[in-house]
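Everything below concerns the one structure shown next.
All of the numbers you see were taken from the coordinates with simple rules; none came from a lab. Everything quoted here is computed from the prediction, not taken from an experiment.
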Amino acid sequence: MKITPSSMRGLDLLASSVLILDAEGRIHYANAAAEILLESSFKAIANQTLSALFVDGEPLMQLVAQALAHQFDDKRQDMTLQRVGRDPLQVDCIVTTLDDPATPVLIELRANVQQLKLDREERLLDQSQANKELIRNLAHEIKNPLGGIRGAAQLLELELRDLELPERRRKDLCEYTQVVIKEADRLQTLVDRLLAPHRRPHIVGDVNIHEVCERVRSLIVAEFPHGLTILRDYDASIPEFRGDKEQLIQALLNIAHNASQALAERIAAGDAELTIKTRITRQVTLAKQRYRLALDLHIIDNGPGIAAEIRDRIFYPLVSGREGGSGLGLTLAQTFVQQHQGVIECESRPGATDFRILIPLP
């Protein structure tokens, strides 16, 4: 393969990153995609060796040395390239020898999307497991003193009724004890919701996902009858699968309800849209296990998007983008879907937030 000035210009049109090295292994050319991937202009990296760009650039330099020694024509290898002060790059690296003594090596770097996806899912599962342990421990730690606080407030209220006090004063003090009792009950309800997924038995049966979607749709329409259009884009070929129908209804409802609340301004304007889309996807890896088929369900809204500062934490318990929100809806949804060996992913930008649910199919 020989690189000419005209073909170099064509390399700038490629989506993959291309580096051309001279006979000493220094960067002679970098296309536009390489500048974006490396977050550096060509002027900044020109005449540098790859070992200068990466903390662990030696494996890549070894491939370059082998190419310079004509040990292969081209070679492919997955690599993790560490950079100082920046996130590591997961890349699919292809090293090719060229028929040009001045620039004998071409390197193509492609972001390894599959590896990034696996890493993200692994972090999500680890995070979810940590959340479960935290929630269980925290909830049990809260329950005992909470019962004592409520009981003490009830006893105090009984004592107040027996004291020689003006009626107005007694009424005011009893209002204070009622505040304590009601707040204790509110916290008890919150604790019960935190523990609900771990207490309720997993009731497995045949699930038709479109019956689940239609149930969720009817509940959302009942709550938001005006200004919100719910679009259905179903794949009728999706088979039934074994699962807990009520858990899946609750998971989808939590997501759809959050989306509907985020659409408040568009609902007022009358142009809010919520799309429920189902598809089948093939050859999916979930929790390090490969599945031939999986349900690919999307809940998409045209709202303002999720705030950037919480986008990476939306499945954490008690994290909410809405004032007054409990921050439990998405946490519980993720827990219910994971109990079906699935996962929920989210992509969000202004005008389009897409929650994607993946669940293995038989």
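Need one word for segment 10-92: rounded, prolate or oblate. Basis is the Cα gyration tensor (sqrt eigenvalues a ≥ b ≥ c); a/c below 1.5 gives rounded, then a/b vs b/c decides. It comes out rounded by the Cα gyration axes. Amide H contacts of D244: G205, each under 5 Å away and 5 or more positions distant or on a separate chain (H built 1.01 Å from N in the peptide plane; Pro and chain starts excluded). The H on the amide N of V105, modeled in the peptide plane, is under 5 Å from the matching H of L21, L98, each at least 5 residues off or on a different chain.
Karplus-derived 3J(HN,Hα) values for segment 232-240, using 6.51 cos²θ - 1.76 cosθ + 1.60 with θ = phi - 60°, are 10, 10, 9, 9, 5, 7, 5, x, 5 Hz; glycine and proline are entered as x. In sequence order, segment 148-157 has phi-based couplings of x, 5, 5, x, 5, 5, 5, 5, 4, 5 Hz under the Karplus curve 6.51 cos²θ - 1.76 cosθ + 1.60, θ = phi - 60°, and Gly or Pro positions carry x.
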